[in-house]
1. Cβ-Cβ under 9 Å, sequence separation 6+ or interchain: first residue in region 535-561 and on the phi > 0 side of the Ramachandran plot and of a type outside the set (Asp, Glu), partner modelled with pLDDT of 95 or more and not in a loop (DSSP other than H, G, I, E, B). Which pairs?
2. So which of THR190, THR245 is hydroxyl-bearing (Ser, Thr, Tyr) and over 27 Å from TYR149 (Cβ atoms)?
3. Which members of region 251-280 meet the condition of being part of a loop (DSSP other than H, G, I, E, B) and either in contact with an Asp or Glu (Cβ under 8 Å, 6 or more places away or on another chain) or farther than 17 Å from PRO304 by Cα (or both)?
4. Hey, can you tell me all the residues within region 659-673 that are in a strand (DSSP E or B), touching a residue at least 60 places away in the same chain (Cβ under 8 Å) and either in contact with a Lys or Arg (Cβ under 8 Å, 6 or more places away or on another chain) or more than 14 Å from SER639 (Cα to Cα) (or both)?
5. Regarding region 336-351, can at least one residue be identified that is in a loop (DSSP other than H, G, I, E, B), farther than 19 Å from GLY453 by Cα and among the polar types (S, T, N, Q)?
6. Quick one: in region 646-672, which of the residues that are within 22 Å of ALA71 (Cα to Cα) and out of contact with any Phe, Trp or Tyr (no Cβ under 9 Å at 6 or more places or on another chain) is surrounded by the most Cβ atoms within 10 Å (Cβ to Cβ)?
7. Residues that are more than 25 Å from the chain's Cα centre (by Cα): which strands (runs of 3 or more DSSP E) entirely in region 421-512 hold 1 or more of them?
8. Condition check: at pLDDT below 95 and either in a loop (DSSP other than H, G, I, E, B) or not aliphatic (A, V, I, L, M) (or both). Does GLN522 satisfy that?
Amino acid sequence: MSAERPVHDRRTVLRAGTLAGLGLVGAPMTGRAAAAPAGDAGYLVGRGLADATGEVAEVGMMGYGRFDQQAAGLHTRLRARAFAVVDRASGRRVMLIVADSPMIFSSVHQAVLRRLAERYGDLYTEQNVLVTATHTHAGPGGYAHHLLYNTTTFGFHRKTFEAVADGLFEAAQRAHDDLAPSELVLSHGTLTGASVNRSRAAFARNPKADRDHFPDAVDPLTTLLRVERAGRVVGAVNWFPVHSTSMSGDNRLISADNKGYAAYHWEREVHDVDYLADGSPAFVSAFAQTNSGDMSPNLDLRPPTTPEDFDRARASGLRQYEAAAAQTERPGVRLSGPVDSRLVHVDLSDVTVRPEFTGDGRTHRTSKPCVGASMAAGSMEDGPAFPGFEEGENPFWDAISDSIVYTVSPELAQAQAPKDVVVPLGEMNRVYPWVQERVPVMLVRIGRLYLIGIPGEVTICAGLRLRRTVAGIVGAELDDVLVAGYANAYFHYVTTPEEYDAQHYEGGSTLFGRWQLPALQQTAAGLATALRDGTDLPAGPGAPDLSGRALSLQPGVVLDAPPAFRRFGDVLVPPRETYRAGERVEVVFAGAHPGNDLHRGGTYLEVQRQEPGGAWRTVADDGDWATRFHWKRDGIAASRVTVVWDVPRGTAPGSHRIVYRGDARSVIGTVTPFTGTSPAFTVR
């Protein structure tokens, strides 16, 4: 964007009653937190926000595993939010990064750490940087170096990879630059009516002590870590377990889904944060995942459909926001004490699990990763995957497993049974890297808060056992120990051994077999002991760098051309002359492929209102919930771009227009920016 871009004003989209009811904008805290001990040196805390949106057209979307779900536009940009915390007494620090992203693959983790090392030396390393994803199922894929995750994207997409890695690094860099004396306040609440257990029969197999902890088969714990300066909340991280699957598998627009809306609402609609100048935001809120493996936002236990998924995502996000924001008005615990962290790399395909963690008094082993038939079926409540597979019993694949797979390898049977093995990924890894086997497991401490960084999707009972393991060793309250899921890499699901036996989707997706959770508990216990005792642990060799082996099968943009007798940016379908709040504005432009320039940190569109002096002021862009950017091929090289704006309630009346910013590629490869502007229309 140029320096002359119009000033933004987005308070027209405030949810009625939010500010008056919660008193969150510029208001001093009313809930008094417990005071820190005398002599405590306190913390330096920094906040950072950056755009991490990848390609929005002709790239496979990540999450549902559907070959037909190819992106065709943008609903909301994907943001990375970072929080740096420094213990002023010891100088030890941690960096927490939460990305609106389907997964954090080792490819991205390694790239972000390389960028941090180039900029800060050994200040931020794998030992103190925790990178997590919100797990939106409406993000672009193609940024992994392991083949399984790039099958639906026709290989590796470098532009998306660089956008994600650069966005995460920039958020961390801005958090570092923002470090300032701050207070951290921890609080907990209960949020019901925002999640449902999509695998209730598997959950019911767990022991009574686990089931009694979750009487409604959901984890209602919502935890908030808020950042205060001079008594004002300037940042917040919320943890609540629920899948980001409010957007359906039929959706074709890149979107941050429900957790993205929660953060967007708090930042942009409540605090009026300008995302196009997000280097130094007034307020940053991250809505992070925890043990959400079996927690669905689809309360009716059926997959969402388009267009209801937009309303579902907003409703789910709003519930999460309201539960988090309400905690800022209640007393919390003002944190004090050490900041510390440990990380180890574990080869999950080859772990000997000691009897104290297996639960049956015997030693067991994990195995090479295998995909079960129920994984191929997908989650029936959130979005089925491949036809011909079922959650639970699959007699054909059961026969294959018993007669071939397990006969050839009794060791595999001991670890993987009763899984109906469909794909023996461990054997395929010998030829080409399909999935990661050596994974990072992390433990972070900020005062009394402990975060267990697990690179997968942990069910609530599996999470409970991990939390109990760590809490018992470090002497923490159970609610102050959380699983930070989708952290630093990705290895699919983690179920309890009892849930695994049901072989629902989550069990079939627990790649390393029935003893995977006990292996992780054993690892977490080692991390907790080292953190408690102040001792170091050998990290062990990490996953190999596969950047030189990524396969790219999809060609890039070759040429853009406008429709016959048209120029780039021409208005093909103009808006009506007048609209009212609640109505939809649609304008169609002669466009170009959006992959020519991702506009990271910028926007493809602007909604502008004319001020009394005649200047045009931008009131919305492609980061807003009320806008949508649709792209469609028109012949071979031409593109039709449709910009949609749902006029929000409370929009100031007056003259408005839609601006489209595109970039066209010539036959010799030169990319030239252009602008299209609609005729003015009136909002009454």
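1. Cβ pairs passing all conditions: GLY540/VAL344; GLY540/HIS345; GLY540/VAL346; GLY540/ASP347; GLY540/ARG438.
2. Checking each option against the conditions leaves just THR190.
3. Answer for region 251-280, where residues must be part of a loop (DSSP other than H, G, I, E, B) and either in contact with an Asp or Glu (Cβ under 8 Å, 6 or more places away or on another chain) or farther than 17 Å from PRO304 by Cα (or both): ASN251, ALA256, HIS271, ASP272, VAL273, ASP274, ASP278, GLY279, SER280.
4. Selection gives VAL671, PRO673.
5. Looking for residues that are in a loop (DSSP other than H, G, I, E, B), farther than 19 Å from GLY453 by Cα and among the polar types (S, T, N, Q), one finds at least one in region 336-351, hence yes.
6. Checking each candidate, the answer is ARG665.
7. The qualifying strands (runs of 3 or more DSSP E) are 421-423.
8. So GLN522 fails the test.
The values are calculated or read from the model by the stated rules, or taken from the named source; none is laboratory data. What you see is a predicted model, and the numbers here were worked out from it, not measured in a lab. With ideal geometry, Cβ positions are generated from the backbone for all residues, glycine too; neighbour counts draw on all protein chains shown.
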